[in-house]
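The structure appears right after this line, and notes come after that.
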Amino acid sequence: MTQPIAAYESGLFLSLWESQQGCCALCGESMPRSRFEVAHATIWKRERPTFDHIVPRAAGGPDRAENLQLAHARCNKRKGKDQAASDGRVRT
């Protein structure tokens with residue numbers, strides 16, 4: 001499966017991007033907006049912005065805008081492994 005070159009351009013994505021100032025909600029570091037802002041596709045795969053559920057869907061979290069934040073793909077994956085019974089939001 002290929003990764004998109006640019007981040008999502010939906011209204012929700014743009015709203016979250018603006019409110020988070022282009023930073024990952026989990027680690028606080030900046031995220032690249034497109035594949036061309038990083039040196040290699042492998043880096044893009046790890047650093048690309050992804051939608052993250054604050055309260056996981058598996059824990060009953062809704063799939064609505066107020067329960068979403070943007071996070072690096074690597075941070076989102078790590079959170080999924082590390083999060084046992086927390087309320088979700090690691091860092092804002």
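The values are calculated or read from the model by the stated rules, or taken from the named source; none is laboratory data. Please read these numbers as outputs of a predicted model, since none were measured by experiment. Quick reminder, even Gly has a Cβ in these numbers, built from the backbone with ideal geometry, and neighbours come from all protein chains shown.
Picking from residues in the stretch 1-29 that are exposed (fewer than 15 other Cβ atoms within 10 Å of the Cβ) and of a type in the set (Ser, Thr, Tyr), the one that is modelled with the lowest pLDDT is Thr2.
Please tell me if Arg46 is of a type in the set (D, E, K, R) and out of contact with any strand residue (DSSP E or B) (no Cβ under 8 Å at 6 or more places or on another chain). Let's see the steps before the verdict.
Details: of a type in the set (D, E, K, R): yes; out of contact with any strand residue (DSSP E or B) (no Cβ under 8 Å at 6 or more places or on another chain): no.
Judged against the criteria, Arg46 is not a match.
The residues of the stretch 33-54 that are under 20 Å from Ser15 (Cα atoms) and either at pLDDT 90 or above or loosely packed, with under 12 Cβ neighbours inside 10 Å (or both), listed by number, are Glu47, Arg48, Pro49, Thr50, Phe51, Asp52, His53, Ile54.
Every residue in the stretch 67-80 that is closer than 21 Å to Ser10 by Cα and either among the β-branched types (Val, Ile, Thr) or in a helix (DSSP H, G or I) (or both), please.
Asn67, Ala73, Asn76
Taking into account only those residues within the stretch 17-50 that are in a helix (DSSP H, G or I) and over 20 Å from Arg78 (Cβ atoms), which is nearest to the chain's Cα centre (by Cα)? Lay out the reasoning, then the answer.
First, the residues of the stretch 17-50 that are in a helix (DSSP H, G or I): 17-19, 35-37, 41-47.
Then keep just the ones that are over 20 Å from Arg78 (Cβ atoms); that gives 17-19, 35-37, 41.
On the way: Trp17: 10, Glu18: 13, Ser19: 13, Arg35: 15, Phe36: 18, Glu37: 17, Ala41: 17 Å.
Here the residue is Trp17.
List the pairs whose first member sits in the stretch 51-66 and is assigned to a helix (DSSP H, G or I), whose second member is aliphatic (A, V, I, L, M) and at pLDDT 90 or above, and whose Cβ atoms are under 6 Å apart, counting only residues at least 6 apart or on separate chains? If the second residue must be aliphatic (A, V, I, L, M) and at pLDDT 90 or above, the pairs left are Ala65/Leu12.
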